[in-house]
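Each remark here refers to the structure printed beneath this line.
The values are calculated or read from the model by the stated rules, or taken from the named source; none is laboratory data. Note that this is a predicted model, so its numbers are computed, not measured. With ideal geometry, Cβ positions are generated from the backbone for all residues, glycine too; neighbour counts draw on all protein chains shown. The area values use the complete protein model at the heavy-atom level, side chains included, leaving out ligands, DNA and RNA. Shrake-Rupley method; radii C 1.70, N 1.55, O 1.52, S 1.80 Å.
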Amino acid sequence: MRKLNWHARANRAGWNRESDRNQAKHDDFLRRGSGLRWGIWQVPDSEVGAFGDVSGLRVLDLGCGGGQLLVKLAQSGAEVTGLDVSERQLDHARRGLASAGIDADLIWASADDIPCCGDAFDLVCSDHGGLTYADPRTAIPEAARVLRPGGRLVFNTSTPWAVVCWDPTDSGVTPELRNPYFGMIGYVVNDRLRSFERDDILEFQLTYGDWIRTLTRANLAIDDLVELRPPAGLVSAYSSYVSAAWATRWPAEHVWIAHKAT
Ligand SMILES: C[S@@+](CC[C@H](N)C(=O)[O-])C[C@H]1O[C@@H](n2cnc3c(N)ncnc32)[C@H](O)[C@@H]1O
């Protein structure tokens, strides 16, 4: 593995520590349902229109976690590669892929330093993965580099709304504006992150303007930004983070759809 920067090291340690508990809690939820789906509500891609037909495409999933999305992508006809900074998460992915009889390359690396050649993939995706936990100002240009011209980048993250309304004391999203919007970079805002513990999990977030600038400066043309809403009646395995009632009124997560300009 290449040398990791300080926040990739912290996220590696944090996700190695949390991996078994996280997979025990979410694996069934992420596996159920047919076809490609997105996020904490597992909204079908047929409603989002981000993946489309992946048959025959070379797809890289940044921050693939336990590999549940890789399995569905492969079952949809894609040639899949998963990348994750946590070797424990990759162990879970390896087991999940093997039990589904799927052959996939798994890469142990950080999304902001992808050990692949340029133009290697037709589609790069991430669902609350490497473009959330690696600094997007570095990871987005990396994703663009490994895409072929015309190739697509589709990724889901929490919204700035959710971060502004997030209560750090109970890790839940509230109806109040609690955190500053301007200057947000990490959940501990700005670049003043020096006091972090070595195994704290750190998420990144940008303002809407900074997301647009980061994507377009990386030679990515933005095609859409789809705000997800919970399907009626669905109980999410992630409801301790954000309730269905909140996410019905405000966007808790959204999917960016972009392509590499030719
Ligand atoms: C919330 S989990 C999501 C996993 C998966 N995408 C899913 O939908 O279940 C976040 C994943 O990002 C990975 N991650 C954290 N920091 C990363 C980094 N710098 N580069 C790549 N992956 C990272 C974690 O190890 C973890 O597997």
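Estimated from helices alone, the mean residue ellipticity of the chain at 222 nm is -9500 deg cm²/dmol (sum of -39500 (n - 2.57) over DSSP H runs with n ≥ 4, per residue). In terms of its C-alpha gyration tensor, the chain has a rounded overall shape, because the principal axis ratio a/c (a ≥ b ≥ c, square roots of the eigenvalues) stays below 1.5. Is the C-alpha gyration tensor of segment 75-164 telling us rounded, prolate or oblate? Criteria: a/c under 1.5 is rounded; beyond that, a/b larger than b/c is prolate, otherwise oblate. Here segment 75-164 falls in the oblate category.
Dipole magnitude for the chain: about 260 debye, using +1 per Lys or Arg Cβ and -1 per Asp or Glu Cβ, origin at the Cα centre.
Tell me which aspartates and glutamates have Cα within less than 12 Å of Lys3's Cα, excluding those fewer than 8 residues away on the same chain? Once the sequence-local aspartates and glutamates are set aside, what remains near Lys3 is Asp112, Asp113. Sorting the segments 23-31, 57-65, 9-17 by their residues' average number of neighbouring beta-carbon atoms within 10 angstrom, most packed first, yields 57-65, 9-17, 23-31. Surface composition of the chain: carbon plus sulfur atoms contribute 51% of the solvent-accessible area (1.4 Å probe, protein chains only, all chains present). Note on Thr174 and Ile102: the model spin-label points, each 7 Å out from Cα along the C-beta direction, lie 3.9 nm apart. Probing with 1.4 Å while keeping every protein chain in the model, the per residue accessible area of segment 37-190 equals 36 Å².
Segment Asn5..Arg148, full-extension length gain: 48.8 nm, with 0.36 nm per residue of separation and the alpha-carbon distance subtracted. Note on segment 1-77: semi-axes of the ellipsoid equivalent to its C-alpha gyration tensor, largest first and rounded to whole Å, are 26, 17, 11. Within the full protein context, the accessible area of Val226 is estimated at about 30 Å² for a probe radius of 1.4 Å.
Relative to the current alpha-carbon distance between Leu225 and Lys25, full extension at 0.36 nm per residue lengthens the span by 69.1 nm. Taking every protein chain into account, the 1.4 Å probe leaves Asp170 with about 100 Å² of accessible area, to the nearest ten.
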